[in-house]
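The values are calculated or read from the model by the stated rules, or taken from the named source; none is laboratory data. Quick caveat, the model's predicted, so the values are computed rather than measured. FYI the Cβ positions are ideal-geometry reconstructions off the backbone, even for glycines, and counts take in every protein chain you see.
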Amino acid sequence: MIKPETDMKRMLEQMTAQVEKTKAVAREVAELQVEGEVAEGHIKVTVTATGSLVGVHLDPKAMRMPSEDLAEAIVEASRVATQNAAVRVREIWAENGVQSDLDVASLIQGSADVETDIDKRVDEAKEAMRRHGI
């Protein structure tokens with residue numbers, strides 16, 4: 001018969017492995033850059049997973065647009081890129097088998113702290129084991 005302590009230790013080891021995998025996925029997401037384009041590809045923007053704008057490409061044809069239309073198109077391209085980033089984040093999590101109750105919207109808005117959340121959960125599990133003498 002397996003002792004409860006052994007089961008708990010095995011569970012902690014599995015949880016620790018999952019945490020490391022989740023952290024690696026979080027790093028991949030943090031490095032993510034996604035494009036959005038409008039105006040038949042004449043306007044392209046690049047954003048990070050948090051929606052931060054890191055690049056704008058304007059084809060010379062886009063420069064012929066009225067300034068208000070150009071500004072609206074750039075904003076729309078940014079929206080498209082941000083939506084694409086949210087989709088890609090979900091895909092990355094699914095591809096890596098990461099199950100998370102983190103809200104993708106909070107991640108995109110930059111208000112989710114994945115590593116701190118994970119570390120907190122591991123610490124709670126370790127504390128529970130310590131309290132039970134494991």
_Count of residues meeting criterion [more than 14 Å from ALA73 (Cα to Cα), touching a residue at least 24 places away in the same chain (Cβ under 8 Å) and not in a strand (DSSP E or B)] in region 25-58_ = 9
*Does GLU13 fit the bill of being modelled with pLDDT of 90 or more and of a type in the set (Asp, Glu)?*
no
*Return the total of residues in region 59-71 being among the polar types (S, T, N, Q) and outside any helix (DSSP H, G or I).*
0
*Selection from region 1-50 of residues that are among the polar types (S, T, N, Q) and under 27 Å from the mean Cα position of the chain (by Cα)*: GLN14, THR16, GLN18, THR22, GLN33, THR46, THR48, THR50
